[in-house]
1. Treating the angle as unsigned and between 0 and 90°, give the value, to the nearest 10°, between the Cα long axis of helix A:135-161 and the longest Cα principal axis of chain A.
2. Based solely on C-alpha atoms, express the radius of gyration and the Dmax of the range B:158-203 in angstrom.
3. Evaluate peptide A:53-66: per residue, the Cβ atoms of other protein chains within 10 Å of its Cβ; return the mean as an integer.
4. Whole-Hz ³J(HN,Hα) for each residue in the range B:54-59, computed from phi via Karplus 6.51 cos²θ - 1.76 cosθ + 1.60 with θ = phi - 60°, x for glycine and proline: what do you get?
5. Per the helix-only calculation at 222 nm, which mean residue ellipticity applies to chain A, given -39500 (n - 2.57) for every DSSP H run of n ≥ 4 and division by its residues, nearest 500 deg cm²/dmol?
6. How high is the relative contact order of chain A, in percent, counting Cα pairs under 8 Å that sit 6 or more residues apart?
7. List the residues, sorted by chain then number, that are 5 or more residues from residue A:71 or on another chain and whose placed amide H is less than 5 Å from its amide H.
8. Taking every residue in B:243-249, how many Cβ atoms of other protein chains lie within 10 Å of its Cβ, on average?
Amino acid sequence: MRDPDTDWVLPLSTFVLALALSVVPLPGVVATFRPDWIPLVIIYWAIVAPERFGLLTAMWLGLAADTLTGSLLGQHALAMLVVGYLCLRFHLRIRIFPVWQMSMSVLFMLAVYEFVLFWVDGAAGRTVPYVERWAPVITGVLLWPLILGTLDRIRQDNKARV
Amino acid sequence: MNVPGGVDGGRTAVPLGLRFLLLTVFSLSLMLVDNRDDHLSRLRQIFSVAVYPIQITVSFPFKAWEVVSVSLSDRVSLLNENAELKSEQLKHEVRLQRMAALEAENIRLRVMLDSSPRVADRVLVAEILAVDLDPYRQRFSINRGLGDGVYVGQALLDANGIAGQIAGVDTFTSEVILISDADHAVPVSVNRNGLRTIAVGTGDSRRLSLPYLTNNADIESGDLLVSSGLGGVFPSGYPVGRVVEVRRQPGQLFAEVVAEPAAELNRDREVLLVWAAEDTKQSTGTTGLAEVEQ
């Protein structure tokens with residue numbers, strides 16, 4: 001059917017889905033634990049297809065997130081750029097890690113992502129709570145094996161059908 | 001092909017590190033400009049058109065559920081609700097009758113005192129989009145934008161009181177900052193004695209804090225806070241909240257006062273946009289005087 005190496009439908013739909021999931025209304029306490037969907041999909045695509053998705057993808061998605069959440073224009077873009085850079089720089093190593101080690105790298109990258117957001121908020125003088133900031137990192141890491149498994153499965157199915 | 005820090009897909013020969021640096025500088029300068037003033041509002045509006053479909057799609061199931069639950073609710077409960085609303089309306093109408101007389105009297109007295117009459121504010125109903133913004137801030141989006149004449153700093157009410165103000169206007173939507181946002185403050189006065197102060201948001205939608213009241217200030221639990229109209233953003237005289245707790249500590253200069261917002265900030269579906277009285281003063285101000293002369 002579609003060759004996963006040139007297919008745009010799957011990546012594009014994951015990007016749109018990630019953007020939508022990051023603004024879907026959730027009740028108060030659950031919203032604190034909303035995973036960082038956008039950096040998660042950026043990490044996935046930058047690791048499995050670094051020659052197609054990289055810094056520009058990360059920046060555009062970041063700008064879209066900035067517009068959606070009404071944050072400072074460039075705040076999420078900067079955080080995604082850092083995550084994208086780390087992925088591209090180390091994708092050869094991360095790709096061959098076992099799942100738990102991969103999750104640790106994702107933990108590190110999500111923590112860096114939240115730190116950049118936190119740092120920009122602080123520099124711009126916006127008041128934000130401190131502890132709740134780290135909850136999405138935890139849920140993000142717990143979701144990572146699921147995202148990895150699902151997307152890998154879909155891509156393999158597509159490849160088999162070509 | 002994928003040498004770390006090397007060529008990316010053969011598309012470009014610029015090293016990864018350099019591209020990262022350039023894009024970082026780009027987004028940093030975007031942030032600097034955006035933080036200083038609103039030169040970037042055009043750019044933001046263009047982006048907002050691109051993400052508008054996502055906002056609508058996310059919001060759709062919640063809107064659809066409302067429609068379905070109305071059409072599925074049975075006849076008896078609808079009839080009950082109808083009867084309740086009718087009696088409610090009757091009560092309001094009775095109150096409004098007195099209101100008309102009071103308003104005329106108020107205008108007459110104000111004319112006698114030679115001060116400008118207070119005029120009615122123009123309002124527009126806006127629907128809240130079921131979209132979550134930054135969870136750490138008390139903000140949401142509404143379905144009115146540039147085309148409806150919304151402007152930054154415009155006051156927003158709900159059925160019970162002041163809800164917030166407009167923080168940013170996009171093409172089809174606007175971003176609202178609630179009075180409970182930690183970065184927001186409302187000038188208020190105590191309805192009982194006219195004591196003026198400022199109500200600051202706490203980040204919790206059920207709490208406002210009044211940090212600028214001295215220990216001997218005349219304020220007590222249960223006092224109604226209304227907007228004072230100072231600051232020029234909010235129209236005066238609308239309820240803002242009710243004091244729920246006053247803590248006076250002997251060693252401290254200032255009392256710790258906590259108020260509960262009058263508006264149901266976390267349960268609203270619809271809000272009212274208010275155009276301040278100055279915009280309509282020219283027309284309604286004169287009619288107000290004419291009514292008095294009759």
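1. Between the helix axis and the principal axis of chain A, the angle is about 20 degrees.
2. Taking only Cα atoms of the range B:158-203, I get Rg and Dmax of 13.0, 43 Å.
3. Values: counts 2, 8, 7, 3, 0, 2, 5, 2, 0, 2, 7, 5, 1, 7.
Across the residues of A:53-66, the mean count of other-chain Cβ atoms within 10 Å is 4.
4. 5, 4, 5, 4, 5, 6
5. That calculation yields -24500 deg cm²/dmol at 222 nm.
6. Here the relative contact order equals 29 percent.
7. Correct list: empty.
8. Details: counts 0, 0, 0, 0, 0, 0, 0.
Taking the mean over all residues of the peptide, I get 0.
The values are calculated or read from the model by the stated rules, or taken from the named source; none is laboratory data. Keep in mind it's a predicted model, so treat the numbers as computed, not measured. Because the Cβ atoms are built from the backbone with ideal geometry, glycine has one as well, and the counts that use them run over all protein chains shown. Side chains are part of the model used for accessible areas, which takes the heavy atoms of the whole protein and leaves out ligands, DNA and RNA. Shrake-Rupley method; radii C 1.70, N 1.55, O 1.52, S 1.80 Å.
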